[in-house]
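Have a look at the structure below, then the notes.
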Amino acid sequence: MKAKSPIKPSKLYWDDLNEGQNYVYGEYLVTEYELTQFAYKYDPLDFHIDAHKSKNTPFGTLIASGIHTLAINQRLSVNHVYKNWHLIAGKSMSNCRFIRPVHPNDVLTVNLTIKKLIKSNRPDRGVVELKFIVINQINLPVLKVDGEVLLLRKPPSSIQLKQDKDTI
């Protein structure tokens, strides 16, 4: 007979998170094709779309749009963190700083820290304040941004069950 393993919740609630908790995730290769295609559609400046013209800019080469870097941060966060949380919605972004350019063939990783957990006026949800730092393959930051997301709180019955279990 096999021993039963403890049941793990499939997703985390606001109540399961801790201030100071840190996640490091992703290895996202930014290809020249993706960089230019994104820029053609959303940010068609020469230094994002034209390798020849970008040589005559202060950057001297193609660089990714900052909006593209934000989108990569979002994609990695969904794939590695948000899909494991009971996420309701994004709430805000602030203090966005593009620290240095992202170039073709850069590999990006996200360092995410939970800054603060805030109870909502509504008892079924809470706000999570986040700090994102996106770094390149040589561990240099390329993007820093703060964010807030809204998460579900544990249903009252599961909180009570946990409290009952802790007292046994």
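Please treat every number below as a calculation from the coordinates, not as lab data. It should be emphasised that the depicted structure is a prediction, and the values quoted were computed from it without experimental measurement. Every residue, glycine as well, gets a Cβ built from its backbone with ideal geometry; the counts of neighbours run over all protein chains shown.
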field: Net charge of neighbours whose Cβ lies under 14 Å from the Cβ of residue 121, counting Lys and Arg as +1 and Asp and Glu as -1
entry: +4
- prompt: Which far-off residues, 5 or more places away or on another chain, put their amide H under 5 Å from the one on residue 43, with H placed in the peptide plane?
  reply: none
message: Apply the Karplus curve 6.51 cos²θ - 1.76 cosθ + 1.60, θ = phi - 60°, to the phi angles in the range 123-130 and return the couplings in whole Hz, x for Gly and Pro.
response: x, 8, 8, x, 9, 10, 8, 10
statement: The long-range amide H neighbours of residue 12, using H built 1.01 Å from N in the peptide plane and a cut-off of under 5 Å, are 85, 86
task: Compute the separation of the alpha-carbon centres of the range 11-32 and the range 40-85 and state it in Å as a whole number.
output: 20 Å
message: Give the aspartates and glutamates reachable from residue 154 as a straight Cα distance under 12 Å; neighbours fewer than 8 places away on the same chain don't count.
response: 15, 16, 124
